[in-house]
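Engineer: One structure coming up, written as structure tokens, with questions to follow.
The values are calculated or read from the model by the stated rules, or taken from the named source; none is laboratory data. Nothing here was measured: the structure is a model prediction, and the numbers come from that model. So basically every Cβ, Gly included, is an ideal-geometry build from the backbone, and we count neighbours across all protein chains shown. Side chains included, ligands, DNA and RNA excluded: accessible areas come from the protein's heavy atoms. Shrake-Rupley method; radii C 1.70, N 1.55, O 1.52, S 1.80 Å.
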Protein chains: 2
Amino acid sequence: MKKQLLPNFPPGPLDRYRNLASFDWRKLKLFIEPAEIVEFKNEIVELLKGNPAFHPKKLETLDDVRRDASLQMHEGFYLQEFKYLGMLDNLRKVPAFGEIAVWSNPSVSVKNALNNSMYPSVIRALGTEKHLDLIEKVWQGEHFGCFCLTEIGHGTDTKRMRTRATYDKESKGFIMHTPDFEAAKCWAGLLGQTATHAIVYAQLYTPDGTCHGLHQFVVQIRDVKTMQPLPGITVGDMGPKIGLNGIDNGFLIFNNFHVSRDALLNKNADVNEEGVYVTPFKDANKRFGASLAALSDGRINITNLCNAYLIQGLTIAVRYAAVRKQFGPDGNEIPILEYQTHQHRLLPYLAGAFTFKFFSLHVCLEQHTTFVNNLNGKQREDAVEYGFEMHGISSACKPVISWFMMEALNEFRQACAGHGYLKAAGIGDLRNDADANCTYEGENHVLNQQTSNWLLKFWPQILEGKIIKGPMESIDYLSHGKEILADKFAVDSVEHIIRPEYILRMYKWLVVYLLKSSYEKYERSLKEGNDAFWAKNNNQVYYARSLSVAYLNHYMLHIFLKRINETEDPKVRNVLERLFALYGLFTLERSLGHLYQGGFFVGEKPATLVQDAVLKLCGDLKNDAVSLIDCIAADDFLIKSFMGKSDGKVYEHLQNELMGGEGNMSRPNWWKEVLHWGKQSKL
Amino acid sequence: MKKQLLPNFPPGPLDRYRNLASFDWRKLKLFIEPAEIVEFKNEIVELLKGNPAFHPKKLETLDDVRRDASLQMHEGFYLQEFKYLGMLDNLRKVPAFGEIAVWSNPSVSVKNALNNSMYPSVIRALGTEKHLDLIEKVWQGEHFGCFCLTEIGHGTDTKRMRTRATYDKESKGFIMHTPDFEAAKCWAGLLGQTATHAIVYAQLYTPDGTCHGLHQFVVQIRDVKTMQPLPGITVGDMGPKIGLNGIDNGFLIFNNFHVSRDALLNKNADVNEEGVYVTPFKDANKRFGASLAALSDGRINITNLCNAYLIQGLTIAVRYAAVRKQFGPDGNEIPILEYQTHQHRLLPYLAGAFTFKFFSLHVCLEQHTTFVNNLNGKQREDAVEYGFEMHGISSACKPVISWFMMEALNEFRQACAGHGYLKAAGIGDLRNDADANCTYEGENHVLNQQTSNWLLKFWPQILEGKIIKGPMESIDYLSHGKEILADKFAVDSVEHIIRPEYILRMYKWLVVYLLKSSYEKYERSLKEGNDAFWAKNNNQVYYARSLSVAYLNHYMLHIFLKRINETEDPKVRNVLERLFALYGLFTLERSLGHLYQGGFFVGEKPATLVQDAVLKLCGDLKNDAVSLIDCIAADDFLIKSFMGKSDGKVYEHLQNELMGGEGNMSRPNWWKEVLHWGKQSKL
């Protein structure tokens, strides 16, 4: 039974390392995700394999790519529906599905999420009874929905959006208007070619001329029979992008476009027929905050998706490194994975992928459970504390993980050298698609500030000796902030410094030190006469930003260690502890400056121990790397790279790629232009 | 006159910063490059503008891109010829031409360099009288040449190439043979579709079965009338790549292909008619070294090209940051360039671009002058010392500058946020094309080792108190290594730490410290029983690699300061000193660990001063950033980005881009598939 669930990998050049692994890969794989999830993923892969829409195709033009992605969205919708109830039964399936979706086609995974999840969710969250029919239409494939918040001139600063919805007493509806091109809605996925309806964020004006701030409207923008824009609507596609070209991102301009009163999603605020604004919220800011909360799930999901990108890149780079040979002692060539330099280029990122995996499974499960319970009317008692802490976690984890992923993909591209520069190696498209994760759902630097702003509030509490506690366990140790800050580096061997508890201890010191120094820098800046705006902004580099990153790294390691402690197999435990230590020390090494500045480290020894430990861990993990990849890699069907397949037959696949590439072996049809071109020159 | 040479920029949103600049941009621009070079560049740009082949086009398929690049290569060939004699008159024109070529079309610049420069140069360097006709044929456009060294299975380890050339006494020629796919020649530019001839590196076997090592052969591979491969030749294209898709990189397989004896480029070695190997070199290794020397120019040229990529990215990111507004104090929106976080994301890279510019102009001029003098029979007296030192410099500068450039382009992509993800923003293509620089002409990590291996030899000389001196001035201070190592950090203000002399002094300490600790680690490793192979390889991370980087950064700053000292204008001097300090301290900040480990820094103060200085310099430079860009940016014609034009009219250009994009405003022709797709689903 197990055998079928996790069959042997095909024999080939990777056997060398598979035979050297220190642990049983099946045990680790089933420790990461239970058999039910492995089966669920296998089942989806079989569905994809069985449907020609999901088979790889040669797509040369943007239009080809778009058409293919639309087709896949349609097919994938059924697939998701098919699985939907199953996913609610076991919420671990949600991130599992997300991972496969990214591996299958990142553009389609986004399109799917927007049309089938985000658009209906927002309507459900912010609309009322009368809007539910709109959701039905999406499920029936009659409407396609998109989400329009960003404008050409404003993205991060959402409050400054300039699209207007003015209530018109005469027609008892709203006049939607875009004052100029800079106020055009843009970037909305599906808006470019597919959407018939849009959720539009607009400044609501009542007839008395009062602006009530940003509200959400559902607006039909295209004729559902002809797909032509309605009169008064200018809608277009944003054209080719760096990546994610299957998504038709669009822009939208209203020219005094009339919609009915029902267009307003009116759960939190409404305008009555007479044009009077009514809301249960007294504070416009709070109402706005409540409505934006619907967006906060995104960041948690994105960390899971970023790890899927990272894992895909790792699979390619690690398997290639295990097969590619170059130089060697005594004239015998060795795989490049044997070189310390190369281990250091790959294995810390492998350690990251495992850290993120356990972290991400943990927070996704918590967040999705909370969400489903909410839907069922069971709000958690600690909802407020949970909300704040999860906001802090999610605002830090998207930047930390997406940056680490991009850094890794850039490193992998280079680590796969010349052949890694071929499109067929798969790393280029991966990087170009993945890149967007640093920007959408909140620009990384801006998000980081959310977390550090929240954390900075704890410093006075630490000084006052207050107990600090949160439902997610990410801040509890701050209660001991003063003792932690008094800690000094106190080990003198690599064996000691790689112990999980000691790594967490060093990280705790780093977080509290950065909390203290960021807080003090901010206060000093205020005292020097700067206003809060500038004091905050000039406190980011080296301070608040580092704080947010250190806080999140500590938290991810904390979660990782809790999971390690659930392991029963000593070999699995051993390899996970090495991964834990490698991620912990590799990231800590980047903060050597702070560790010395704050006096936790003194003299040559501490940094040397950290570095020696990182290199030792790389060496210790190199024989396990291939089997570790086997535990987290996508099915071969989803690995679009001649380098990354589980049989390791890199050169065979490359040969097929080159010899079989359409047109690779024939003269271009413009060959005559190449010859005697001198006679044709126009100069 | 000056006015015409450097006309005013068009008015627009960038005026705000242009008016705030602390210096006269024309003075700085003419200090960087004399009027003659500015005029030369303007002239080339006018030629490009006047030739429709170089005008931007919509190219959707790989075939379109290839055809366009071939056409441009042909047109550009004349352009280069036209300028060629002029370039020899003033060698500063060589890097100036290279810069424009990258800005115009990176693929074409590579194709041009391979066919018109590398192929004929190698024939001239390694061939004899009888081969000169081949060069003529290229100039006449009858032959197209490429350069085949790399094989599928071997790149960096050139000695392991497995293509064979066996002398056959009967036919008095060589039998070229590729034993298997892993020995296929690959990656050669122009080989895929264009080349009629190839320089092929093959193991030379004489009839007695002796292998004489790698030799170079000129082999015709395609019929010059039909462009079809000759019988016995399998040649194909490698298909789509991450970037540089205008280049037709190819692969080549010989099936016992017969060539005449003349195919061997026989300056350094020959096989006589009877099949006896004759060479003036006794040592096969030395002969090989002498023949490879022809490749070493490449790295120096690449640093200049990398800086062109960096400048293009900076132009886009800085001009956009000066125009894009978001948030602000007191409700007034401010350009994002006003934010310290954003300054820190861009300005250190701007400082890098200036550092690299002065460095690169210096070494290019030295190298090209030496080359031309050699051609004219005037060998420099210090040729050997020069050769070694330039090898050390060039092997470090390609890694340092290409890595910094890639890091910068990744940062710029994110710093331009959503709109930066559009293809029309120009950063994606830039990054994808630029990426190859980290790999070709020597993989960066491997190159770095060349430099550190060379540097490590100086440590015993330092200990012995020997005078160390080189013609390029990059190592002279090592003579004082012992005193330098005894130095301690000894300033206590930002004003003091930003002084150029002090930055160089800190860097000198860092280089000597890394030299000492790398040397000692290597010796320790040998004593522990490791052989030299492993001792060397396990000495790279944190040690030898950092040494090579620090050495090069110090050297670039040394050159930069020498140039600064030639400035007569105090304002120009002032802004250059800030750029110097910012690059110096920004890169030094990354070595905080080493600075503390080695005891040069102690306590909180030193690191804090470095960080405070970096932030202060960012703030001091932000009003100058736009004018600094104006001094180094490409002409608007060469800036393929709606964000980067000199008028700063970002939104106007974006609007034209979106509204004018072909097909952006129309329904896709597969629109019916979008509707009621449910009925069409195959599931």
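Engineer: Does the range B:88-109 contain any residue that is farther than 25 Å from B:Arg26 by Cα, open to solvent by less than 20 Å² (accessible area, probe 1.4 Å), part of a helix (DSSP H, G or I) and touching a His at 6+ places or on another chain (Cβ under 8 Å)?
Structural biologist: No, the conditions are met nowhere in the range B:88-109.
Engineer: Can you name the residue in the range A:636-666 that is polar (S, T, N, Q) and free of Cβ contacts under 8 Å to residues at least 24 places away in the same chain and is also nearest to A:Cys416 (Cα to Cα) among such residues?
Structural biologist: Among residues in the range A:636-666 that are polar (S, T, N, Q) and free of Cβ contacts under 8 Å to residues at least 24 places away in the same chain, the one nearest to A:Cys416 (Cα to Cα) is A:Gln655.
Engineer: When the range A:579-621 is examined, which residues are found to be open to solvent by 10 Å² or more (accessible area, probe 1.4 Å) and within 25 Å of the chain's Cα centre (by Cα)?
Structural biologist: The answer is A:Phe586, A:Thr587, A:Glu589, A:Arg590, A:Ser591.
Engineer: Provide a single number: the residues in the range A:608-663 that are in contact with a His (Cβ under 7 Å, 6 or more places away or on another chain) and either on the phi > 0 side of the Ramachandran plot or among the charged types (D, E, K, R) (or both).
Structural biologist: Residues meeting the conditions: 1.
Engineer: Something else now. For the range B:127-145, give me each residue that is open to solvent by less than 10 Å² (accessible area, probe 1.4 Å), in a helix (DSSP H, G or I) and at pLDDT below 95.
Structural biologist: B:Ile135, B:Val138
Engineer: Pick out the one residue from B:Gly663, B:Gly598 that is within 30 Å of A:Thr226 (Cβ to Cβ) and within 8 Å of chain A (Cβ to nearest Cβ).
Structural biologist: From the options B:Gly663, B:Gly598, the qualifying one is B:Gly663.
Engineer: Can you find a residue that is without any contact (Cβ under 8 Å) to a residue 40 or more places away in the chain, more than 14 Å from chain B (Cβ to nearest Cβ) and under 29 Å from the mean Cα position of the chain (by Cα) anywhere in the range A:128-148?
Structural biologist: yes
This table checks each residue for (1) at pLDDT 90 or above; (2) away from chain A (no Cβ under 11 Å); (3) farther than 20 Å from B:Pro335 by Cβ.
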{"position": "B:Val626", "(1), (2), (3)": "yes, yes, no"}
{"position": "B:Ile629", "(1), (2), (3)": "yes, yes, no"}
{"position": "B:Gly644", "(1), (2), (3)": "yes, yes, no"}
{"position": "B:Gln655", "(1), (2), (3)": "yes, no, no"}
{"position": "B:Pro668", "(1), (2), (3)": "yes, no, yes"}
{"position": "B:Glu673", "(1), (2), (3)": "no, no, yes"}
{"position": "B:Gln680", "(1), (2), (3)": "no, no, yes"}
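Engineer: Having 2 or more residues that are more than 30 Å from A:Phe327 (Cα to Cα) is the bar; report the helices (runs of 4 or more DSSP H) wholly within the range B:438-536 that clear it.
Structural biologist: B:458-463, B:481-485, B:494-497, B:500-527
Engineer: Any residue that is more than 24 Å from the chain's Cα centre (by Cα), away from chain A (no Cβ under 11 Å), at pLDDT 95 or above and surrounded by 17 or more Cβ atoms within 10 Å (Cβ to Cβ) - is there at least one of those in the range B:460-468?
Structural biologist: Yes - at least one qualifying residue is present in the range B:460-468.
Engineer: From the list A:Gly246, A:Gly232, pick out the single residue that is more than 14 Å from every other protein chain (Cβ to nearest Cβ), surrounded by 16 or more Cβ atoms within 10 Å (Cβ to Cβ) and either at positive phi or touching a Pro at 6+ places or on another chain (Cβ under 9 Å) (or both).
Structural biologist: Going through A:Gly246, A:Gly232 in turn, just one is more than 14 Å from every other protein chain (Cβ to nearest Cβ), surrounded by 16 or more Cβ atoms within 10 Å (Cβ to Cβ) and either at positive phi or touching a Pro at 6+ places or on another chain (Cβ under 9 Å) (or both): A:Gly232.
Engineer: List the pairs whose first member sits in the range A:336-356 and is under 15 Å from A:Leu588 (Cα atoms), whose second member is aromatic (Phe, Trp, Tyr), and whose Cβ atoms are under 6 Å apart, counting only residues at least 6 apart or on separate chains?
Structural biologist: A:Pro348/A:Phe586; A:Ala351/A:Tyr583; A:Gly352/A:Phe404; A:Gly352/A:Tyr583; A:Thr355/A:Phe560; A:Thr355/A:Tyr583
Engineer: Within the range B:398-421, how many residues turn out to be out of contact with any Cys (no Cβ under 9 Å at 6 or more places or on another chain) and either outside any helix (DSSP H, G or I) or away from chain A (no Cβ under 13 Å) (or both)?
Structural biologist: Of the residues in the range B:398-421, 3 are out of contact with any Cys (no Cβ under 9 Å at 6 or more places or on another chain) and either outside any helix (DSSP H, G or I) or away from chain A (no Cβ under 13 Å) (or both).
Engineer: If you don't mind, there's one more thing I want to ask. Can you tell me how many residues within the range B:317-346 are small (Gly, Ala, Ser), touching a Phe, Trp or Tyr at 6+ places or on another chain (Cβ under 7 Å) and not in a helix (DSSP H, G or I)?
Structural biologist: Selection size over the range B:317-346: 0.
Engineer: Would you call B:His554 modelled with pLDDT of 95 or more and at the interface with chain A (Cβ under 9 Å from one of its Cβ atoms)?
Structural biologist: Judged against the criteria, B:His554 is not a match.
Engineer: Right, next: Tell me, which helices (runs of 4 or more DSSP H) wholly within the range B:567-683 include 2 or more residues that are touching a Ser or Thr at 6+ places or on another chain (Cβ under 6 Å)?
Structural biologist: B:570-589
Engineer: Hey, any hits in the range A:146-164 for a residue that's among the small types (Gly, Ala, Ser) and either crowded, with 24+ Cβ neighbours inside 10 Å or not assigned by TED's automatic domain parsing to the domain that holds A:Phe251 (or both)?
Structural biologist: Looking for residues that are among the small types (Gly, Ala, Ser) and either crowded, with 24+ Cβ neighbours inside 10 Å or not assigned by TED's automatic domain parsing to the domain that holds A:Phe251 (or both), one finds none in the range A:146-164, hence no.
Engineer: Restricting attention to the range A:406-420, does a residue exist that is at positive phi, hydrophobic (A, V, I, L, M, F, W, C) and open to solvent by 20 Å² or more (accessible area, probe 1.4 Å)?
Structural biologist: Yes, that holds for at least one residue.
Engineer: In the range B:191-215, which residue that is surrounded by fewer than 21 Cβ atoms within 10 Å (Cβ to Cβ) and β-branched (Val, Ile, Thr) is farthest from the other protein chains (Cβ to nearest Cβ)?
Structural biologist: If we take residues in the range B:191-215 being surrounded by fewer than 21 Cβ atoms within 10 Å (Cβ to Cβ) and β-branched (Val, Ile, Thr), then B:Thr206 is farthest from the other protein chains (Cβ to nearest Cβ).
Engineer: Output the qualifying pairs, or none if there are none: Cβ atoms under 8 angstrom, residues six or more apart or on different chains, first residue in the range B:62-75 and acidic (Asp, Glu), second residue outside any helix (DSSP H, G or I) and crowded, with 23+ Cβ neighbours inside 10 Å.
Structural biologist: From residues that are acidic (Asp, Glu), the pairs are B:Asp68/B:Gly246.
Engineer: B:Leu547: in a helix (DSSP H, G or I), open to solvent by less than 50 Å² (accessible area, probe 1.4 Å) and under 17 Å from B:Phe586 (Cβ atoms), yes or no?
Structural biologist: The answer is no for B:Leu547.
Engineer: When you scan the range B:321-337, do you find a residue that is at pLDDT 95 or above and away from chain A (no Cβ under 14 Å), even just one?
Structural biologist: Among the residues of the range B:321-337, at least one is at pLDDT 95 or above and away from chain A (no Cβ under 14 Å), which makes the answer yes.
Engineer: Still on this structure: With respect to B:Leu510, determine if the residue is in contact (Cβ under 8 Å) with a residue 12 or more places away in the chain and either charged (D, E, K, R) or open to solvent by less than 60 Å² (accessible area, probe 1.4 Å) (or both).
Structural biologist: yes
Engineer: Working only within the range A:167-189, note down all residues that are open to solvent by less than 50 Å² (accessible area, probe 1.4 Å), away from chain B (no Cβ under 14 Å) and touching an Asp or Glu at 6+ places or on another chain (Cβ under 9 Å).
Structural biologist: A:Gly173, A:Phe174, A:Ile175
Engineer: Tell me which residues, restricted to the range A:227-255, are among the acidic types (Asp, Glu) and either part of a strand (DSSP E or B) or free of Cβ contacts under 8 Å to residues at least 60 places away in the same chain (or both).
Structural biologist: Scanning the range A:227-255 gives a single hit, A:Asp237.
Engineer: Output the residue which, of all residues in the range A:20-59 that are over 26 Å from the mean Cα position of the chain (by Cα), within 10 Å of another protein chain (Cβ to nearest Cβ) and modelled with pLDDT of 90 or more, is surrounded by the most Cβ atoms within 10 Å (Cβ to Cβ).
Structural biologist: Filtering the range A:20-59 for residues that are over 26 Å from the mean Cα position of the chain (by Cα), within 10 Å of another protein chain (Cβ to nearest Cβ) and modelled with pLDDT of 90 or more, the one surrounded by the most Cβ atoms within 10 Å (Cβ to Cβ) comes out as A:Asn51.
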